[in-house]
Each structure stands twice: as structure tokens, then as C-alpha cells.
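Working notes, beginning with the structure itself.
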Amino acid sequence: MRVADIMTTEVTTLGPRATLAEAAEELRLGRIRHLPIVDKDGVLVGLITHRDMLRAQDQLDQPIERFMPTDIKTVGPETAAHEAAYVLLRYPIGCVPITDDRGVLVGIVTESDFVRIAYTKLGGRVPVDEIEHEELESERV
């Protein structure tokens with residue numbers, strides 16, 4: 001199994017000059033914990049996480065580029081999925097951005113993606129999409 005087989009390709013991103021407040025809103029609206037930061041050409045230049053936002057709560061008017069880590073661990077889409085899982089285990093991160101050979105962001109793999117795979121491989125019978133739909137519906141009530 002390759003990373004391309006499991007990665008999410010519709011990734012919410014922001015530019016480095018967006019504010020932390022904009023990042024917080026994107027994280028909240030998208031119900032996500034990781035927000036890749038890309039330049040005008042789509043090249044990955046950093047990453048902001050929910051945890052980063054908690055640390056910078058009193059500086060929401062500041063640009064993301066002042067707070068984002070830039071030493072991001074990435075893999076390519078043809079990388080074996082187990083290698084991306086190793087990156088998650090080896091480093092204290094919750095996602096692995098997927099970039100092409102030019103550094104352009106093409107997708108993302110998160111811990112949740114691997115939990116979904118484990119769920120299925122361990123005998124989970126309800127399709128994960130149905131579980132997610134039920135969770136969203138229960139939150140609306």
C-alpha cells in the first residue's frame with residue numbers, strides 16, 4: 001500500500017501571511033488539527049497545528065509565519081504507507097504532508113487515516129464513512 005492510496009488530497013491550506021486568527025477559524029470550520037502552510041506556488045513552507053494555536057492564543061492577530069515550524073517531515077505519494085506510519089511513530093507529529101519532487105503539497109496523511117486502516121484490518125464491519133456520518137449527525141442534534 002502506498003501513501004497515495006490513503007492520503008487526503010483535498011487539503012485546507014493557508015499562506016504564511018495569514019493570521020493565526022484565520023488559521024484558528026480554518027481549523028475550527030474544517031474540524032481539523034493540522035493546517036499546511038503553502039506559498040503562492042503551492043510549495044509547503046510550514047505547518048500549524050491545533051497545539052500551536054493553543055500556545056499562541058493571545059497573539060491571534062500575528063502572521064502564521066512567525067509561529068509555524070518549517071522543518072516539516074514529508075514523504076512522496078509513492079512512499080510505502082508503512083514508512084509514513086513510521087514517521088508518525090518516530091516524531092511527535094500527528095500528520096505527514098505529502099509533497100511532490102518540487103515540494104508542492106499534494107496531500108496529507110494523519111494518525112486518523114491509519115486508525116481507519118487498522119479498524120478495517122482488525123475486523124471493523126461498519127464502513128468508516130457511515131461512522132463519520134453518524135457522528136456528524138449526532139453533533140447537530
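Derivation of every value follows stated rules applied to the coordinates shown; laboratory data play no part. All figures in this text were calculated on a predicted structure; none of them were measured in a lab. Cβ placement follows ideal geometry from the backbone for every residue including glycine, while neighbour counts extend to all protein chains displayed.
Compare PRO69, PRO36, PRO16 in a GNM of the chain, Cα atoms joined below 10 Å, and give the one with the largest fluctuation.
Answer for the Gaussian network model of the chain: PRO69.
Would you mind counting up the charge near PRO63? Only other residues with Cβ under 10 Å from its Cβ, with Lys and Arg at +1 and Asp and Glu at -1.
Spelling it out: positives minus negatives among the neighbours equals -1.
What is the sum of charges, Lys and Arg at +1 and Asp and Glu at -1, for the other residues whose Cβ falls under 13 Å from the Cβ of GLY46?
-1
List the relative contact order of the chain as a percent without decimals, with contacts defined as Cα pairs under 8 Å and 6+ residues apart.
Across the chain, relative contact order equals 26 percent.
Counting every Cα pair in the chain, what percent are over 21 Å apart?
47
Can you give the helix-only mean residue ellipticity at 222 nm for the chain, where every DSSP H stretch with n ≥ 4 adds -39500 (n - 2.57) and the sum goes over all residues, rounded to the nearest 500 deg cm²/dmol?
Computed mean residue ellipticity for the chain: -10500 deg cm²/dmol.
HN-Hα J couplings of region 64-80 from phi, Karplus 6.51/-1.76/1.60, θ = phi - 60°, integer Hz, Gly and Pro as x?
4, 4, 6, 10, 6, x, 10, 8, 7, 7, 10, 9, x, x, 8, 5, 4
Report the relative contact order of region 79-126, percent, no decimals, based on alpha-carbon pairs under 8 angstrom and at least 6 residues apart.
25
Where does the charge balance sit around LEU27 when Lys and Arg score +1, Asp and Glu -1, over other residues with C-beta under 11 Å from its C-beta?
Around LEU27, the surrounding residues sum to 0.
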